[in-house]
Amino acid sequence: MPLTDKFGRAITDLRISVTDRCNYKCIYCRTGNEGALYGDLPFADYLRMARVLASLGIRKVRITGGEPLLRPGIADFIRELAQLRDVDGQPLDLALTTNGHLLAGLAQPLKDTGLGRVTVSMDAVDPDRFARITRVPGGYEKVLAGVRAARQAGLGPVKVNCVLMRGFNEDQIVPFGMFAREENVIVRFIEFMPLEEGRVWSPNTVVPLDEILQRMQEYRPLVEIPHAHSETARRYRFADGIGEIGIIAPVSHPFCGHCSRIRITCDGKIRTCLFSVWDHDLHELIERGASDAELADFIRSVVQKKEARHHIGEPDFVPASRTMVHIGG
Ligand code: SF4
């Protein structure tokens with residue numbers, strides 16, 4: 001029986017954070033001064049966790065951070081992951097999320113080791129605005145080169161994720177539409193979620209799906225593309241056939257009912273939901289010499305505790321016990 005939670009949702013997508021260190025200080029994420037808190041585990045530990053989870057039904061693995069390309073040896077780790085098989089004996093679908101700063105020089109080697117897809121976090125197509133949001137000067141050109149190198153290497157379709165924050169970058173919606181068409185990448189807009197360090201989130205800072213669509217439709221007509229239930233993004237292509245965008249709207253159009261994800265943090269804890277207040281220590285069992293069967297039993301029991309949904313904006317909303325940089329997207 002594949003990994004299934006008590007709501008009947010099949011858990012097929014794993015996200016592994018390999019570090020909570022990051023070379024950017026984006027204003028909607030690292031608003032405080034926490035920095036890295038949890039430290040990185042040896043890749044062999046993440047590999048063992050992924051192997052056990054693949055035997056339980058995981059088919060997709062996304063590598064995240066902090067910034068995963070900061071870890072030396074990341075290419076070798078991906079090569080090892082590419083040797084794993086899912087329950088049907090098929091290779092796992094391997095993807096990586098990065099801020100793109102180091103991507104230009106790594107795209108081809110990562111592709112050669114078996115990485116299938118890459119998503120680049122990019123919140124402005126204006127270099128000055130980009131520098132103001134990331135608080136790192138000169139990053140824009142590097143990230144643009146990374147996006148192009150990823151496309152060149154065939155790590156596609158290359159997706160570019162833009163977190164919209166009212167008062168900071170909602171005017172980038174149409175320029176990003178143009179960018180998607182010119183650079184032949186899929187741009188996905190993400191509604192700002194309350195997962196940042198300094199707790200600056202409020203409903204007013206969210207640019208909702210309907211507004212994003214309206215602004216983009218004023219630029220060019222869009223046609224909605226049918227999407228799988230477990231996909232987080234609603235997809236749209238431009239009516240003239242050139243370019244595609246997506247909108248990930250966890251606040252205004254939650255998609256928890258079909259959630260297929262669990263996460264492993266950089267210090268080896270399972271998180272059943274982005275907004276969970278619990279960490280489940282898988283790495284401690286490894287440290288105590290547990291067998292693969294014992295790890296599998298623990299994972300199954302944890303999945304039974306997976307939350308039904310998030311409660312963003314509701315009176316009983318309790319902030320997640322970790323901020324995004326310490327969970328991994
Ligand atoms: S908020 Fe939690 S339950 Fe909802 S989609 Fe995200 S991870 Fe899944």
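The values are calculated or read from the model by the stated rules, or taken from the named source; none is laboratory data. Only a predicted model underlies this, so the values are computations on that prediction, with no experimental measurement involved. Glycine also receives a Cβ, built like all others from the backbone with ideal geometry; neighbour counts cover every protein chain displayed. SASA here: full protein model, heavy atoms, side chains in, ligands and nucleic acids out. Shrake-Rupley method; radii C 1.70, N 1.55, O 1.52, S 1.80 Å.
For the stretch 23-43, the criterion of being among the basic types (Lys, Arg), part of a loop (DSSP other than H, G, I, E, B), in contact (Cβ under 8 Å) with a residue 24 or more places away in the chain and within 16 Å of Gly328 (Cβ to Cβ) is met by at least one residue.
Taken over the stretch 263-316, the criterion of being open to solvent by 20 Å² or more (accessible area, probe 1.4 Å), among the basic types (Lys, Arg) and in a loop (DSSP other than H, G, I, E, B) is satisfied by Arg288, Lys305, Arg309. Among the residues of the stretch 171-204, those identified as among the hydrophobic types (A, V, I, L, M, F, W, C) and either open to solvent by less than 30 Å² (accessible area, probe 1.4 Å) or at positive phi (or both) are Ile173, Phe176, Phe179, Ala180, Val185, Ile186, Val187, Phe189, Ile190, Phe192, Leu195. Taken over the stretch 286-324, residues that are closer than 17 Å to Pro2 by Cβ and within 13 Å of the ligand (Cβ to nearest atom) amount to 2. Cβ-Cβ distances below 8 Å connect the following pairs, each with a first residue in the stretch 245-261 that is within 11 Å of the ligand (Cβ to nearest atom), a second residue that is polar (S, T, N, Q), and a separation of six or more residues or different chains: Ile248/Asn161; Ile248/Thr232; Pro250/Thr232; Phe255/Thr232; His258/Ser230; Cys259/Ser230; Ser260/Thr12; Ser260/Ser230. Restricted to the stretch 218-230, and to residues there that are touching a Phe, Trp or Tyr at 6+ places or on another chain (Cβ under 9 Å) and without any contact (Cβ under 8 Å) to a residue 24 or more places away in the chain, the residue that is farthest from the ligand (Cβ to nearest atom) is Pro221.
Taking the numbered list (1) in contact (Cβ under 8 Å) with a residue 12 or more places away in the chain; (2) over 24 Å from Phe189 (Cα atoms) in turn, Leu69 passes all entries but (2). Conditions: (1) within 13 Å of the ligand (Cβ to nearest atom); (2) open to solvent by 30 Å² or more (accessible area, probe 1.4 Å). Ile327 meets all but one. Number of the miss? It fails just one condition, (2). Residues in the stretch 104-134 that are closer than 21 Å to Met324 by Cα and either without any contact (Cβ under 8 Å) to a residue 24 or more places away in the chain or not charged (D, E, K, R) (or both): Val118, Thr119, Val120, Ser121, Met122, Ala124, Phe130, Ala131, Ile133, Thr134.
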